[in-house]
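Input: a single structure, listed below in structure tokens.
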Amino acid sequence: MPIAPDPSSFPDTRAWIRALPALGVVDPPPPGLPTVEALPEAPQTLFLAWLAEAAAAGVSEPHAAALSTVDPGGRPDARILLLKDVTKEGFWFSGDTRSPKGCHLASNAVAAMTFYWRERGRQIRVRGTVAEGDPDVAARDFRERSVTARAVASASRQSEVLTDPVEYERAVTAASASIEADPDFVSGTWRAWCVVPDSVEFWQADPGRRHQRVRYRREPSGEKRWTRAVLWP
Ligand SMILES: Cc1cc2nc3c(=O)[nH]c(=O)nc-3n(C[C@H](O)[C@H](O)[C@H](O)COP(=O)(O)O)c2cc1C
């Protein structure tokens, strides 16, 4: 890992930021992208191959992604969360319907999920519509969380202003006690959501800046068929 330059040795912030290293040599380099004809039929297959490669190479939290949504006024927002599953339907994540992201999805059921694995010089961009999973998918996801994580999820008014930390402590303590008394409890506002992709792009860095990109697009017929194309970098 190259040492970041000391900000005090630069005339201004811009000069320092410009000197920060980016897209350096990836060691060992990942294999190049196959030709379009040799790409797997569905983007999920290539995604899972890249995810496995990133995990095996020691990328930290390779299942963390930026989820971008759009609020009712058309303003975009994004936050990091964890990918929970990849199926033939799409890319799954979970959260609370009362949160800003939950409200965005209720009014505008579209999203993008963006993965960046800097240690592998790879980015994946998933775009699509968002479908709510069946309640049993959300219930399983909720029950797999630790007691504290379940308590925080059910007691928290996520992203609201917290004026009294004592109130938060009390709410989480009370929720923990009731979850310990009823381990099957599932918060009614917990959801599993699926980004049903209509576009998935795979981007691979090249230290010489001849980056490689391929994009899968759902065919307009709406059939579960994909067209694959190489993009200009
Ligand atoms: C590594 C990481 C993983 C996270 N995982 C989740 C998650 O799975 N679900 C979730 O709702 N928030 C998760 N968060 C918190 C979100 O980034 C965000 O703060 C929260 O969901 C509120 O977002 P909102 O106000 O846009 O709804 C995670 C944050 C980080 C940094």
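Each value in this text was obtained by applying a stated rule to the coordinates, not by laboratory testing. Predicted model only: the values in this text are computed from it and were never measured. Cβ: placed from backbone, ideal geometry, glycine included. Neighbour counts: every protein chain shown.
Looking only at segment 126-143, count how many residues are in a loop (DSSP other than H, G, I, E, B) and either aromatic (Phe, Trp, Tyr) or within 19 Å of the chain's Cα centre (by Cα) (or both). Going through segment 126-143 one residue at a time, the tally reaches 1.
For Thr69, indicate whether it is buried (at least 19 other Cβ atoms within 10 Å of the Cβ) and out of contact with any Phe, Trp or Tyr (no Cβ under 8 Å at 6 or more places or on another chain). Yes; evaluated as a whole, the condition is true for this residue. When each of Ala54, Ala66, Ala49 is tested for being touching a residue at least 24 places away in the same chain (Cβ under 8 Å), of a type in the set (Gly, Ala, Ser), under 22 Å from Phe202 (Cα atoms) and in a helix (DSSP H, G or I), the lone residue that passes is Ala54.
Screening segment 82-125 for residues that are in a strand (DSSP E or B), aliphatic (A, V, I, L, M) and within 21 Å of Ala56 (Cα to Cα) and picking the one that is nearest to the ligand (Cβ to nearest atom) gives Leu82. When Ala78, Ala38 are checked against the criterion of being surrounded by 10 or more Cβ atoms within 10 Å (Cβ to Cβ) and small (Gly, Ala, Ser), a single residue qualifies: Ala78.
For segment 172-190, the criterion of being of a type outside the set (A, V, I, L, M), more than 30 Å from Ala55 (Cβ to Cβ), assigned to a helix (DSSP H, G or I) and within 15 Å of the ligand (Cβ to nearest atom) is satisfied by no residue at all.
Here is the figure for segment 65-103: residues that are small (Gly, Ala, Ser) and over 25 Å from Trp226 (Cα atoms) total 7. Residue by residue through segment 161-171, note down the ones that are exposed (fewer than 10 other Cβ atoms within 10 Å of the Cβ) and assigned to a helix (DSSP H, G or I). Result: Pro165, Val166.
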